[in-house]
1. Identify all residues within region 72-82 that are farther than 11 Å from Asp15 by Cα, in contact (Cβ under 8 Å) with a residue 12 or more places away in the chain and open to solvent by 40 Å² or more (accessible area, probe 1.4 Å); write none if there are none.
2. Looking at region 154-182, I want the residues that are touching a residue at least 60 places away in the same chain (Cβ under 8 Å) and have a partner that is among the small types (Gly, Ala, Ser) and in a loop (DSSP other than H, G, I, E, B) with Cβ atoms under 7 Å, at least 6 apart or on another chain. Which pairs are those?
3. Out of Leu367, Leu391, Leu340, which single residue is farther than 16 Å from Ala292 by Cβ and touching a Phe, Trp or Tyr at 6+ places or on another chain (Cβ under 6 Å)?
4. I need the full set of residues from region 9-38 which are touching a Leu at 6+ places or on another chain (Cβ under 8 Å) and among the hydrophobic types (A, V, I, L, M, F, W, C), in order please.
5. Go over the candidates Val244, Val295, Val220 one by one and state the one that is under 27 Å from Asp388 (Cβ atoms) and either touching a helix residue (DSSP H, G or I) at 6+ places or on another chain (Cβ under 8 Å) or within 16 Å of the ligand (Cβ to nearest atom) (or both).
6. Which numbered condition in (1) open to solvent by 70 Å² or more (accessible area, probe 1.4 Å); (2) more than 30 Å from Val5 (Cβ to Cβ) is the only one that Gln301 fails?
7. Being open to solvent by less than 20 Å² (accessible area, probe 1.4 Å), over 20 Å from Val36 (Cβ atoms) and either without any contact (Cβ under 8 Å) to a residue 40 or more places away in the chain or not basic (Lys, Arg) (or both): is that true of Val253 here?
8. Going by the conditions given, is Gly144 of a type in the set (Gly, Ala, Ser) and either open to solvent by 40 Å² or more (accessible area, probe 1.4 Å) or modelled with pLDDT of 95 or more (or both)?
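The values are calculated or read from the model by the stated rules, or taken from the named source; none is laboratory data. This one's a predicted model, so the numbers in the text were calculated from it and none came from an experiment. All Cβ positions, glycine included, derive from the backbone under ideal geometry; neighbour counts span all protein chains shown. In case anyone asks, the SASA skips ligands and DNA or RNA and just uses the protein heavy atoms, side chains included. Shrake-Rupley method; radii C 1.70, N 1.55, O 1.52, S 1.80 Å.
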Amino acid sequence: MRKVVAKFGGTSLADAGQFRKIKQIVKADAGRRFIVASAPGKRFSEDVKVTDLLLRAFGQAVAGQPFEATLALIDGRYRSIVEELGLDFPLSEEIAKLRAHLMDAPSRDYVLSRGEYLNAKLLAQYLGYTFVDPEWCVCFDSEGRLDAALSRRTMGAALRPLENAVIAGFYGADMDGNVRTLSRGGSDVTGSLAAAAIDADLYENWTDVSGLLAADPRIVPEPKTVPFVSYRELRTLSYMGASVLHTDAVLPVSDMDIPINIRNTDRPEDAGTTILRRLPKGETKYPIIGVAGRVGMSVIQVEKVMASDGSGFTAVMLDILKNRQLPFETCLTGIDTVTLVIRSDLLAPCKDDLFDEIRATLKPDYLGLTERLSMIAVIGEKDTESSDANLRVLQALLNAGMPINTINQGAGKLNLLIGVPEEKYEEAIRAIYRTIDESL
Ligand code: ASP
């Protein structure tokens, strides 16, 4: 039988109504045997996530302030689920345990983990599935770092004998049995580990959007959903700030070639976005699948006649940055020039110093700085060598009268990075999106 791991995010599990939707989704496909649960998220925009309430209670407890009111809010969130669904659950006992822990040298990770622990237990009871506590099978080292390889083995051993299960997301334990949490949004990672552990056919990630959008909806009105994205394209999109999945959630499944399907709990009929190693043939009409970007960049330009004569000019320049632990976004080398794009907030504190060092070490003929730049990534890696997609992008920018500061395109697959002035950023995104929109 098909094995599917279905992870449900905080908004998908925010109240009893959402639990009901999940039951319908789970029962609609017999393959959905392993469910990973987040803590209850926001029910409306001003609402507070249970994890944030737990964080507040922890902060109050360590500061010696009263935390009862916060605990009552947490209790209230679960109580309404228990009562509305008619569950027989010892909630008061669980809250009493949490209260006792908060009163006695609390551990931050333990307190935060209770959000998923309680929600997963409730969901397990509601679905009639076995509850799996990740304390037993998601392993951390003594520094609090996830041991993904060991977790995969222990999770496999815990899950394989079970017909179905609900696993709490976001936490595990170290070798001394202390509860440890992943970084925020980490239930995505638990889901990915579980999928790898049982060699799932599919990892479904249920959230509140119908997949990845081809552009930022704050800039482009109603952008289209991207049906297929490769793991590599997703990396670029996440780097550029698109946040639909925790970045650490890709590796465990991509290693094993398990597709990830981003789905919407409120619109289960939507196919969502499927993320896989290789895009399926014939499904993508146009090589570019999306456009994303970042503002707040600076460009340093260093020129010296005969820089390309083998004296290691570029290497020395990069060494200067490395010794200062100053990362760059892009490095473009031309004949006798090096152009570096660096995040302005990282450059600002050391700018004068850095320029002095470049002048002293490289004795350039010209050293220039352009600020307030944005970098735009045009994403798409399929069939780009043989198409005119990047020319169409540049043509679209030209038609929009866009000043272009830098263009960076590696050999082979399309991963075009374009620098335009910050004030033109949104206009440029819209111009590029139009070329995608025509063909998606
Ligand atoms: N509940 C945790 C958070 O809010 C983890 C998660 O939802 O994945 O970050």
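1. Leu73
2. Once the first residue is touching a residue at least 60 places away in the same chain (Cβ under 8 Å) and sits in region 154-182, its partners that are among the small types (Gly, Ala, Ser) and in a loop (DSSP other than H, G, I, E, B) give Gly169/Ser38; Gly169/Gly186; Phe170/Ser38; Phe170/Gly186; Asn178/Ser107; Val179/Ser107; Arg180/Gly144.
3. Criteria check complete, one pass: Leu340.
4. Correct list: Leu13, Ala16, Phe19, Ile22, Val26, Phe34, Ile35, Ala37.
5. Working: Val244 fails: under 27 Å from Asp388 (Cβ atoms); Val295 fails: under 27 Å from Asp388 (Cβ atoms).
From the options Val244, Val295, Val220, the qualifying one is Val220.
6. Here Gln301 meets the rest and fails (1).
7. Taking the combined requirement at face value, the residue does not satisfy it.
8. Details: of a type in the set (Gly, Ala, Ser): yes; either open to solvent by 40 Å² or more (accessible area, probe 1.4 Å) or modelled with pLDDT of 95 or more (or both): no.
No; evaluated as a whole, the condition is false for this residue.
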